[in-house]
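First comes the structure, then the notes that go with it.
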Amino acid sequence: MSSRIRASGGGPVVGSVRVPGDKSISHRAVMFGALANGITEVEGFLPGADTLATLAAFEQLGVKIERISDKKLIIHGVGLQGLTESEQPLDMGNSGTGMRLMAGILAAQPFASTLIGDHSLTGRPMARVLNPLAQMGAKIESAEGQRPPLRFSPVDSLKAIDYSLPMASAQVKSCLLIAGLYADGVTRVTEPAPTRDHSERMLRGFGYQVTTNGSQVTLSGGGQLSGCRVQVPGDISSATFPMIAALITPGSELLIERVGINPTRDGVLRILAKMGARIEQSNLREEGGEPVADLRVFSSELKGIHIGGDLVALAIDEIPALAVAAACAEGTTTITDAAELRVKESDRITSTVSGLKLLGVDAEERADGMVIQGSPMHGGQVDAAGDHRLAMAFAIASLRAEGAVEILDCDNVVTSFPNFVALMSEIGLDLELINS
Ligand code: S3P
């Protein structure tokens, strides 16, 4: 059983909206709040399936978390040494971030635990965290091919390592920094290209000393986190859908308020600017250690460009939506250096290109990306492959398609953007969620 979205275009895209809280920051707020001493108050929390799975995992590990409203939490932190064993496995659902960051915590505990996930997560590679954690002294068993479930044996201590990431991954960086909180000595992580730095910023907000020097992040184990107040900004990855919807629909003007524009997350803004998008930033401020702005988006004539190099990691979750923008642009867009897309919630190179082709777009897969020609689109039936970002990208494609787009396998939209259909309908899209 799974839900479908029937997208019948619509537009112009107008009004003023706030998208749900940032998924990456919401996960970290729950994790660091749970591991801190004292109370942490989280506002703007994303009540999505992924972040709720993280919340439930900490409740299983003995942490009291009050849900004052769907977006406001009070976390009664137990301190780094205060978690207790869960009899049941911890189910991280669809969430790679949940599983990989939790691995950094559970690897260091004096009790056993097991992490499980859904079908998609069970197929995703965990070697990237299991190998460096083993070097730190963790004892973790996994299924064939170093996939979940992950079974953690109790350990007395971990030792710090100096690790160069083989791929640009904030999940792996964060996992190792979290394990480093528990390790004897100084943990150093060096990244091949900049990735989102929410863990570093938030650890500092919890009073932990973290040093960033170019591509290297360093911390010493043995300190403590102090509970604090975390204000979660709107998720730029979610904002991308209404943003591109407005850009590709003639006559649109949309205000998206309170969007996180951290420079390690704003690749989508830089890429769209190069494509000729008119997006005005205003009311720039800092909230909870993260830069935030209001974005005013106007429909724009986009042109095809090359998207590659370091920019890709700064926009990694936005590529499916950017591919739709590319299909609506004049000329050719070439995306390179994006092989990581193959190990996301779906193989996003294959699933994006297959869907666009079904809508009449001239698109082609490459090993590390795709080539998309600006093309007229027609309606049709496409498969989101259980991937939230694909479902939402195809829904906005309908704004430029002749005929309705029916999108299959959309249940996981709730992982990151639970009110997607309602919010997009408010600003002019004609979307219908069909539960079968
Ligand atoms: C995330 C990091 C990225 C991103 C994911 C969230 C995070 O994954 O795709 O949605 O919160 O650290 P990788 O680290 O695998 O690139």
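The values are calculated or read from the model by the stated rules, or taken from the named source; none is laboratory data. Just so it is clear, the model here is predicted, and its values are computed rather than measured. Methodologically, a virtual Cβ is constructed for each residue, glycine included, from the backbone with ideal geometry; neighbour enumeration extends over all protein chains shown. Surface areas here come from the heavy atoms of the whole protein model, side chains and all, with no ligands, DNA or RNA. Shrake-Rupley method; radii C 1.70, N 1.55, O 1.52, S 1.80 Å.
If a residue has to be open to solvent by less than 20 Å² (accessible area, probe 1.4 Å) and assigned to a loop (DSSP other than H, G, I, E, B) to count, how many in segment 312-340 make the cut? Looking only at that region, the number is 5. Of the numbered criteria (1) more than 20 Å from Leu314 (Cβ to Cβ); (2) surrounded by fewer than 21 Cβ atoms within 10 Å (Cβ to Cβ); (3) within 16 Å of the ligand (Cβ to nearest atom), the one Val343 fails is (1). Only one of the listed residues (Ser252, Ser238, Ser220, Ser226) is in the same structural domain as Ile319 (by TED's automatic domain parsing) and over 22 Å from the mean Cα position of the chain (by Cα). That residue is Ser252.
Report yes if Ala363 is open to solvent by less than 10 Å² (accessible area, probe 1.4 Å), more than 24 Å from the chain's Cα centre (by Cα) and more than 13 Å from Gly9 (Cβ to Cβ), otherwise no.
So Ala363 fits the description; yes.
Collect the residues in segment 221-237 that are more than 13 Å from Arg201 (Cβ to Cβ) and in contact (Cβ under 8 Å) with a residue 60 or more places away in the chain, keeping them in residue-number order. Answer for segment 221-237, where residues must be more than 13 Å from Arg201 (Cβ to Cβ) and in contact (Cβ under 8 Å) with a residue 60 or more places away in the chain: Gly221, Gln224, Leu225, Ser226, Gly227, Arg229, Gly234, Asp235, Ile236, Ser237. Do we find that Glu253 is touching a residue at least 24 places away in the same chain (Cβ under 8 Å) and among the acidic types (Asp, Glu) in this structure? Yes; evaluated as a whole, the condition is true for this residue. Filtered by the rule that a residue be out of contact with any strand residue (DSSP E or B) (no Cβ under 6 Å at 6 or more places or on another chain) and not small (Gly, Ala, Ser), segment 291-304 gives Pro291, Glu301, Leu302.
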